[in-house]
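Participant: The structure under discussion is supplied below as structure tokens; questions concerning it will follow.
The values are calculated or read from the model by the stated rules, or taken from the named source; none is laboratory data. All values derive from a computational prediction rather than experimental measurement. All Cβ positions, glycine included, derive from the backbone under ideal geometry; neighbour counts span all protein chains shown.
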Amino acid sequence: MTYPNILVFVDFPTDDVDAANDFYSKVFNWEIEERIPGIFHRIVPGQNFKLDDGSQGPTGNLHMGISKAANTRPHPNPEPPEPTTLSSGGRSTRAWILVSEDDSFNRILDTAESLGATVLWRNHFWTEFGGANASFIDPWGNQINLWQHLDGVEVDEETHQVIGEALIPDGWTIE
């Protein structure tokens, strides 16, 4: 088998790149570079993925983009490619964000909601992958899922399933 293809980038479509820039920089504390003003900004989460000992490893966090739905780039023609509108009423981009140990679901969700997002759920635990999660829809219809591992929950390194009984905080849902 040849080496697998690698995901290198994901864009969040919007009808207002500057507003999305402000939203994501406040919600996630991300650095965002204005690459093509009003058309495309690059999200640079910063730092590197952490190793088991907590130190930074050699692999940098993936970058993402904020792209104007009416004129997504790159494209070989000067005219914007179709479609030029945001998706409405159906599934759109769905991204999973690993929340750092020095941040929280509540801070992120509260900030997102104050900036126009719709919170879908809080404090849910998924035994299939042994992780806590929460979710919101940004003002442009993209679903953002938050992910964290809970202290005291042991997960199999190969299958990612919970080992033994997971001690889930009171009031959380579990699946």
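Participant: Check L62 against each of (1) touching a residue at least 40 places away in the same chain (Cβ under 8 Å); (2) in contact with a His (Cβ under 7 Å, 6 or more places away or on another chain) and name the one condition it does not meet.
Facilitator: (2)
Participant: What number of residues within the stretch 127-142 are out of contact with any helix residue (DSSP H, G or I) (no Cβ under 8 Å at 6 or more places or on another chain) and at pLDDT 90 or above?
Facilitator: 5
Participant: Is it the case that A69 is under 18 Å from N145 (Cα atoms) and of a type in the set (G, A, S)?
Facilitator: For A69, the condition - under 18 Å from N145 (Cα atoms) and of a type in the set (G, A, S) - is not met.
Participant: Moving to a separate point now. Starting from the stretch 103-131, keep only residues that are farther than 16 Å from W30 by Cα, then list their pairs with residues that are in a helix (DSSP H, G or I) and among the acidic types (D, E) whose Cβ atoms are within a distance under 6 Å, requiring at least 6 positions of separation or different chains.
Facilitator: That search, which allows pairs on different chains as well, returns V119/E113.
Participant: Also, I was wondering about something else. Would you be able to tell me the number of residues in the stretch 137-156 that are within 23 Å of F12 (Cβ to Cβ) and out of contact with any Asp or Glu (no Cβ under 7 Å at 6 or more places or on another chain)? Show your work before the answer.
Facilitator: So the first thing to find is which residues in the stretch 137-156 are within 23 Å of F12 (Cβ to Cβ), and the list is 137-148.
Subset that is out of contact with any Asp or Glu (no Cβ under 7 Å at 6 or more places or on another chain): 137-139, 141-143, 145-148.
Residues that pass the stated criteria total 10.
Participant: Please determine whether any residue of the stretch 140-155 is assigned by TED's automatic domain parsing to the domain that holds W96, among the charged types (D, E, K, R) and farther than 21 Å from E101 by Cβ.
Facilitator: No, the stretch 140-155 contains no residue that is assigned by TED's automatic domain parsing to the domain that holds W96, among the charged types (D, E, K, R) and farther than 21 Å from E101 by Cβ.
Participant: Among the numbered criteria (1) modelled with pLDDT of 95 or more; (2) out of contact with any helix residue (DSSP H, G or I) (no Cβ under 6 Å at 6 or more places or on another chain); (3) hydrophobic (A, V, I, L, M, F, W, C); (4) surrounded by 17 or more Cβ atoms within 10 Å (Cβ to Cβ), which one does A112 miss?
Facilitator: Exception for A112: condition (2).
Participant: Within the stretch 147-160, work out how many residues are outside any loop (DSSP other than H, G, I, E, B) and either more than 20 Å from A95 (Cα to Cα) or modelled with pLDDT of 95 or more (or both).
Facilitator: 1
Participant: Output the residues belonging to the stretch 93-111 that are within 18 Å of N133 (Cβ to Cβ) and assigned to a loop (DSSP other than H, G, I, E, B).
Facilitator: Start the filter on the stretch 93-111 by keeping residues that are within 18 Å of N133 (Cβ to Cβ), which leaves 93-101, 103-111.
If the condition is that a residue be within 18 Å of N133 (Cβ to Cβ) and assigned to a loop (DSSP other than H, G, I, E, B), then T93, V99, S100, E101, D103, S104 are the ones that fit.
Participant: Just checking, does the stretch 48-55 include any residue being among the aromatic types (F, W, Y) and either within 21 Å of E34 (Cα to Cα) or in the same structural domain as D22 (by TED's automatic domain parsing) (or both)?
Facilitator: yes
Participant: Just to check your reading of the model, which residue among N133, N106, N77 is in the same structural domain as D18 (by TED's automatic domain parsing) and of a type outside the set (A, V, I, L, M)?
Facilitator: Values: N133 fails: in the same structural domain as D18 (by TED's automatic domain parsing); N106 fails: in the same structural domain as D18 (by TED's automatic domain parsing).
After applying the criteria, what remains is N77.
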